[in-house]
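First the structure, in the form of structure tokens, and then the observations on it.
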Amino acid sequence: ASAERMVIYNANLQIAVQDPLDAMEAVISMTESSGGFVVYSNTYQTNTDRGSFPRVSLTVRVPAGQLESIMNAIKNLTPVPDDDVISENVSGQDVTAEYTDLASRLRNLEAAEEKLTEIMDQAQDTEDVLDVFDELTYYRGEIEVVKGRMKYLEESADLSAITVEIIAKESLQ
């Protein structure tokens, strides 16, 4: 049976709007209403010979299944999406093989832990108990590392990252 693909999607979007701060609030609102969250946000001023203009950089995580619709909603914050979407990039990283390898490693580690537990239960000598306990501690640590990595991959595949640069349209003129 073929495994379901596990892909981590990341997107970058640069847009020009009338008011970058209002657009930032709109992106945050749509992110939170989708079940996502803000990872990073930064507001700063860009100085030009025509004056100082606000600029926003933010990274959000949104449910992977809603990535396209949220990207479209962000693009629609611009006055003229065909002109005001400066750049757009979506990339995916297939981590299916890594996840499958981790699942196999986890099964092997848990089987070894189970056997060591049986050996420990039968051990009579204190030195043997301590030796087996040391091995069990090692295997338990390895199991936790593998589970942690698997959880990270699952969460990364479930929530796509979008990095948005929002600039004032007036600063481009």
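What to note about this one:
- Structure-derived Cα extents along the principal axes in Å: which label, when the choices are (1) 68, 52, 33; (2) 83, 38, 25; (3) 60, 29, 21: (2)
- On the basis of the beta-carbon distance and an R0 of 45 Å, S33 and R107 show a calculated FRET efficiency of 0.70.
- Taken per residue, the accessible surface of the chain reaches 59 Å², heavy atoms only and a 1.4 Å probe.
- Taking the 1.4 Å solvent-accessible surface of region 13-166 as the whole, the part contributed by carbon and sulfur is 48%.
- Stokes-Einstein diffusion coefficient of region 126-173, Kirkwood radius over Cα pairs, 4 °C, 1.567 mPa s, in µm²/s: 86 µm²/s
- When the residues D121, D131, D49 are ordered by accessible surface, computed with a 1.4 Å probe over the protein chains alone, the sequence from largest down reads D49, D121, D131.
- Over region 1-110, relative contact order from alpha-carbon pairs under 8 Å, at least 6 apart, %: 41 percent
- For Y9, solvent-accessible area (1.4 Å; no DNA, RNA or ligand), Å²: 90 Å²
- Kyte-Doolittle mean at least -1.0 and Cα axial length at least 18 Å: DSSP H helices in the chain: 20-33, 96-122, 126-158
- Candidate cross-link partners of K169 among the lysines, defined by an alpha-carbon separation under 21 Å and a same-chain spacing of 8 or more, comprise K75.
- Residues in region 94-113 that a label on R5 would reach, taking backbone N under 11 Å of a point 7 Å out along Cα→Cβ: 94-96
- Each eigenvalue of the Cα gyration tensor of region 1-93, multiplied by 5 and square-rooted, gives one semi-axis; in descending order these are 28, 14, 12 Å.
The values are calculated or read from the model by the stated rules, or taken from the named source; none is laboratory data. None of the values given here were measured: they were computed from a predicted structure. Reconstructed Cβ throughout: ideal geometry from the backbone, glycine too, with neighbour counts over all protein chains shown. In case anyone asks, the SASA skips ligands and DNA or RNA and just uses the protein heavy atoms, side chains included. Shrake-Rupley method; radii C 1.70, N 1.55, O 1.52, S 1.80 Å.
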